[in-house]
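Everything below concerns the one structure shown next.
Throughout, read-outs are computed from the coordinates displayed, never taken from laboratory work. Source: prediction; values computed, not measured. Don't worry about glycine lacking a Cβ; one is built from the backbone with ideal geometry, like all the others, and counts go over all protein chains shown.
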Amino acid sequence: MNQTARIPLRPDPGALRARAAALVPQAAVVALLACLRKRYRDDILRTCYPDARDLAPLLSTKAAVTPTSTTAQTLTMLAVPSFVSALGPTSVLSELLNASGAQYIFDGSNLISVNALIRDAATTFVGELDPIPVRAFALGGITLAYRTLKSISVFTREALSHSLPNVEVTVRNALGDNTSLAGETAMLDANPATAARPAGLLLNIAATPGQSANPDKAQALREDVKLIMTTLAPIAGNAPVILVASATQAWALKLMGDNLPFTVLMSSAVAPGVVIGIASNALATAFDPTPVFEVADQGTLHLDDAPAQISIAGTPNAISAPVIDLWQQDCLALKASFGVSWGLRNAGGICWIQNVVW
């Protein structure tokens, strides 16, 4: 008797990405509640998220747990690109991580060599018995070095005593405020690499000359967009192009119409009057398979974006302020960290203009 073969269903990519984004704040909530209630994370997971088996890989403070299914593995790999988007839904860093044409995983390696992006006609038609052209394919175009983006968020005990959905919102918002802008600021600046951070994408990239001075602002906008797109065209080809700008220029770009042939991102890390164009296929990124969350309910913290030692010897001695004692003020501190790095496979894959008139 003939049997009907069943076609396996493929997971919906959009649903997977949405679930991956939800995993991140949920993992942070589990870590916080485990410390608050003095219980193991596995116990909190079974109590608060009994059906969320895909959360397990995100709950280890050391090595990631090996996923038990291909779906769980896919969600784990999506978790970090979705990390910042889960915390800040308009994060430029997250959008660029997701859009990069070469995505790598730091699977125990501190350095990843990435081949340069070269577009030419090395492949051609070859007749029978004729020699075939050989491309010298050399790795080492750029090296992505392991760097860690970290933040600490402080919560009162009362803030974590609400219903589970409300706690998730509180944690997501707090982490987003502390993480998103710092990452995209570093990504879009022109500072060199250090032992703590990757180089900004605009390092050694001069502004593209020729921006429009047309008194008709609408026409000047179109001329400047054309300048950016034609500058990137030799490298981008038909790959997606991303334009990043401050609020005024970003809204002007978005108001050009629907179905634009490029993506527009708004960032407060970009100065007014500046527009940055990025060819997605030239951008390479690498990140940890999972973010790491650690929680403490004891210790003294210096509450500052540029923290210093609590006490500094000198003449006179100095004490950093403001400081908080977690135990005395009944608070918990959540430290979030994940490895991330980025670079350009070809310097022609990015350009920027300044002093636009629209």
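Residues whose amide H comes within less than 5 Å of that of residue 105, counting only those at least five positions distant or on another chain, are 287 (H built at 1.01 Å from N in the peptide plane).
Hydrodynamic estimate: the Kirkwood radius of segment 315-358 over Cα pairs, inserted into Stokes-Einstein at 25 °C and 0.890 mPa s, corresponds to D of 143 µm²/s. Scattering from segment 249-344 was approximated by placing one identical point on each alpha carbon and applying the Debye formula without solvent; log10 I(q)/I(0) at 0.14 1/Å stands at -0.87. The Cα-based radius of gyration and maximum Cα-Cα distance (Dmax) for segment 190-321 are 21.3, 63 Å. Placing dummy labels 7 Å off each Cα toward the beta-carbon, the span from residue 113 to residue 128 is 4.0 nm.
Backbone phi angles across segment 224-234, fed through the Karplus curve with coefficients 6.51, -1.76 and 1.60 (θ = phi - 60°), yield HN-Hα couplings of 6, 4, 4, 4, 5, 5, 6, 5, 7, 3, x Hz in residue order; Gly and Pro are listed as x.
If you plug the beta carbon distance of residue 164 and residue 305 into 1/(1 + (r/R0)^6) with R0 = 45 Å, you get a FRET efficiency near 0.90. Residue by residue, segment 193-204 carries 3J(HN,Hα) couplings of 5, 10, 5, 9, 8, x, 5, x, 5, 8, 4, 6 Hz when phi is fed to the Karplus relation 6.51 cos²θ - 1.76 cosθ + 1.60 (θ = phi - 60°); x denotes Gly or Pro. Segment 110-245 has equivalent-ellipsoid semi-axes of 42, 27, 17 Å, by the square roots of 5 times the alpha carbon gyration tensor eigenvalues, sorted largest first. Put simply, the amide H of residue 191, placed in the peptide plane, has neighbours under 5 Å in 200, leaving out anything fewer than 5 places away on its chain.
For the peptides 330-336, 44-50, the ranking by packing is 330-336, 44-50, with the highest mean count of neighbouring Cβ atoms within 10 Å listed first.
The share of C-alpha pairs in segment 215-283 whose separation exceeds 19 Å stands at 29 percent. For segment 130-194, the Kirkwood estimate of hydrodynamic radius, built from reciprocal distances between every pair of different alpha carbons, is 16.4 Å. Listed by chain and number, the aspartates and glutamates whose C-alpha is less than 13 Å from the C-alpha of residue 38, apart from same-chain residues fewer than 8 away, are 297.
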